[in-house]
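One structure below.
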Amino acid sequence: MKLSADRLAAAHLLLRVERGAFSSRLLTGATPPAARVRVLEVLRWLRSLDAVLQPLCRRPMASLDPEVRVVLRLGLAETMRLGVAPALATDGAVHLVKRLGCSSASGMVNAVLRKAVQSWRSVLERSAVDIQLSHPWWIYDRWLQSFGHDDTLASMASAQERAVTWVWFQDDAIREDLAGEGFELQAHPWCPGAWSAPGDPGRLIREVTAGTAYAQDPSSQLVAHTALALSRTGGSFADLCAAPGGKAALAVRHGVWHRVAACDIRPSRARLIRRLFGRTDVVSVVVADATNPPLGPLGWDLVLLDAPCTGTGTFRRHPELKWRLSRASVKEMASLQRRLLLSAIDLAAPDGVVVYATCSVEPEENEGVVAELPDGVELEDVSRVLPAGVPWRSTAAGGARILPNPAGDGFTMHAIRRVG
């Protein structure tokens, strides 16, 4: 009965993603773990699943009823990715499609899955690598040209792994107390202050829920550490696209500031920042468009711009992005990012630094954006402040790009300093 309920929950969530919802916002702490893993495995391996299923269907997958399409993918994913016995996965899919109101398709679901659960290995062995690693061909092609064969395959493989929960603690004493209780924590290999709990990740989630820890990918945490290392302490700090607030909070946790502004254009997202910081006289949360922020020009020692982007470094945590992006998406984002960067530069004080970061690994959204800068500022080498062991590679503009890897998401960082 439990397995049936998990399948049904996963199917409803996948249908909502098909209608445009984001899995990261749907999969909350209340989501049953078995439903959660099913949703993410289907979304990660969508292209591989369809490569097996499509030849067995008389109609294109895109023309099937959404409920039928979801059930077929879910049934095959259970066998292909979760080790569910083929007969059990097939029988469960038949019952599920009926519960979703598509009883007339039960025979087709049974026939297709009976063949698919037996043939998927041989089908994928004959498939191209972009299908085997379930990425759109255009992403595989552009990464191949930008990063080379080995790094492309390694990045794609890492993006298919399940995401590990990494946290930083609001106070070191909390972590020390946990360790004193015998709770085993594992330090991240290259991001300072990032911790996981391989033996009991649920305990970490409870700490996050209690507000004593904050869940954040290590590459994202590293952006805040890098910004702090590049800036002078005791000054002013503005985060222009701050929501949900993790980087700003980490910079405040480890820095000394007399003035902090955390901005976001959406009121609902700004509320997340306020909730994270609580009551404080140091941090002002501002609802504002970062292309024209209501902050004083030339007055900020550190300006952090974690710009909206295609998110191609975060497919592990946001797998549906792969199927929603296109080549045109990269160009569209780059246009907005240039406007945002110019606004950020306007805020930087003499000798102040702007850290421009994205969770995209695409050159057009990173070194392409910082390629032409206004007078009075210059690019600064980011690599000199990176901790040992970070798997970075240099960009054409002296920035640092981290491709998706087993220890973190893909991120790219550049620094621009106003000449004093």
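The packing ranking of peptides 198-206, 185-193, highest mean first, is 185-193, 198-206, where packing means the average number of other beta carbon atoms within 10 angstrom of each residue. Taking K and R as +1 and D and E as -1, what net charge do the other residues with C-beta under 14 Å from the C-beta of A128 add up to? Residues close to A128 contribute a combined charge of -2. Only helices enter this figure: runs of n ≥ 4 DSSP H residues, each worth -39500 (n - 2.57), summed and divided by the residues of the chain, yield -14000 deg cm²/dmol at 222 nm to the nearest 500.
The apolar share of the surface of the range 34-137, taken as the fraction of accessible area on carbon and sulfur atoms (1.4 Å probe, ligands and nucleic acids excluded), comes to 52 percent. Working from Cα pairs under 8 Å separated by at least six residues, relative contact order for the range 1-153 is 23 percent. Reachable aspartates and glutamates from K322, Cα under 14 Å, same-chain residues fewer than 8 places away excluded? Leaving aside aspartates and glutamates fewer than 8 places away in the same chain, those within reach of K322 are E18, E41, D130, D141, E362.
Taking R0 as 51 Å, what FRET efficiency do you get between D289 and A388 from their Cβ-Cβ distance, rounded to the nearest 0.05?
Approximately 0.85, to the nearest 0.05.
For a modelled paramagnetic label at F22, 7 Å from Cα along Cα-to-Cβ, the residues of the range 218-246 in reach, with backbone nitrogen under 20 Å, are 218-224, 239-246. Taking Lys and Arg as +1 and Asp and Glu as -1, the other residues whose beta-carbon sits under 12 Å from that of R327 total -2. Calculate the length of the line joining the C-alpha centroid of the range 355-385 to that of the range 207-256, in whole Å. Measuring centre to centre over Cα atoms gives 19 Å. Between the C-alpha center of the range 17-52 and that of the range 330-354 there is a gap of 34 Å. Could you give me D for the range 29-162, from Stokes-Einstein at 37 °C and 0.692 mPa s, where the hydrodynamic radius is the Kirkwood radius over C-alpha pairs? Units µm² s⁻¹, please. The calculation lands on 211 µm²/s.
Expressed as a whole percent, how much of the Cα-Cα distance distribution for the chain exceeds 38 Å? Tail of P(r) above 38 Å: 27 percent of Cα pairs.
Given the peptides 302-312, 90-100, 268-278, arrange them by the average over their residues of other C-beta atoms within 10 Å, most packed first.
302-312, 90-100, 268-278
Each Lys or Arg adds one and each Asp or Glu subtracts one; over the other residues with Cβ under 14 Å from the Cβ of D306, this totals -3. For the chain, the per residue solvent-accessible surface stands at 43 Å², with DNA, RNA and ligands left out and a 1.4 Å probe. Label positions at F183 and A157, each projected 7 Å from the Cα along the C-beta direction, are separated by 3.4 nm. Across the accessible surface of the range 311-420, with the other protein chains kept in place and a 1.4 Å probe, carbon and sulfur atoms take up 53 percent. Working from Cα pairs under 8 Å separated by at least six residues, relative contact order for the chain is 13 percent.
The values are calculated or read from the model by the stated rules, or taken from the named source; none is laboratory data. Everything quoted here is computed from the prediction, not taken from an experiment. Reconstructed Cβ throughout: ideal geometry from the backbone, glycine too, with neighbour counts over all protein chains shown. Just the protein is used for accessible areas: all its heavy atoms, side chains included, with ligands, DNA and RNA removed. Shrake-Rupley method; radii C 1.70, N 1.55, O 1.52, S 1.80 Å.
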